[in-house]
Ligand code: SF4
């Protein structure tokens, strides 16, 4: 079965877009999940599924690809970018540019809905210190591939940070050297336009590496492209 987008063809065909709660592909991350299940049994502590709009995958024209769940963010709540600072800036920006609706309150039941957009992570399980290793990024790529392949009307991707960017380029069959990460950069690959941004983490915003204005400028470009 070929993918919906030319670059993602057959190599990972048949992989579900959502890993099982006990996905064993990354032993280090599986052990970390188990450790936190014991410490915090009420938390999600499992691969975090992608967030889709209520209309489903056919409605998605924009996919946001993050790095990985934060320990006390998505790993706790089970929804991407929900429960820590990164979500505050991301969801406010998505709402401002018409890609989300409702009031984000950092809880999966806050009623916020995406509009024509989806959010996923390049690594679905929380890594210690937010740092996945190369083997883990590679191990999780089939799920990113399958996620992209289930979005037949996808036109644009926003990659947050270099790891997400490089993994997305590889997912689409491109060479990273030919499509390097650059904040506010854009590149065309496999019939899609990839926009890249520094990750909207608290660290990046606290240090001034990424300002709200810089982040909004990326989504302004995206909204203009999709208009
Ligand atoms: S990061 Fe991805 S591949 Fe690795 S264990 Fe989690 S779901 Fe599986």
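Residues in the stretch 11-22 that are assigned to a loop (DSSP other than H, G, I, E, B) and under 19 Å from the mean Cα position of the chain (by Cα): 15, 16, 17, 18, 19, 20, 21. I want to confirm something. Restricting to the stretch 19-35 and keeping residues that are touching a helix residue (DSSP H, G or I) at 6+ places or on another chain (Cβ under 9 Å) and closer than 12 Å to residue 127 by Cβ, which single residue is nearest to the ligand (Cβ to nearest atom)? That would be 26.
Among the residues making up the stretch 142-154, those that are in contact with a helix residue (DSSP H, G or I) (Cβ under 6 Å, 6 or more places away or on another chain) and either in a helix (DSSP H, G or I) or near the ligand (Cβ under 9 Å from one of its atoms) (or both) are 142, 144, 145, 148, 149. Considering only residues that are surrounded by fewer than 19 Cβ atoms within 10 Å (Cβ to Cβ) and touching a residue at least 60 places away in the same chain (Cβ under 8 Å), which ones fall in the stretch 124-161? Passing the criteria: 128, 130, 133, 135, 152, 153, 155.
A single entry from 92, 117 fulfils the requirement of being in contact (Cβ under 8 Å) with a residue 12 or more places away in the chain, within 17 Å of residue 218 (Cβ to Cβ) and in contact with a strand residue (DSSP E or B) (Cβ under 6 Å, 6 or more places away or on another chain): 117.
Residues in the stretch 60-80 that are within 16 Å of the ligand (Cβ to nearest atom) and within 16 Å of residue 223 (Cα to Cα): there are none. For the stretch 113-129, which positions are over 15 Å from residue 161 (Cβ atoms), part of a loop (DSSP other than H, G, I, E, B) and within 16 Å of the ligand (Cβ to nearest atom)? Selection gives 124, 125, 126.
Laboratory data are not the source of any read-out in this text; all were calculated from the coordinates shown. Computed from a predicted structure; not experimentally measured. All Cβ positions, even for glycine, are placed from backbone atoms using ideal geometry, and neighbour counts span all protein chains on display.
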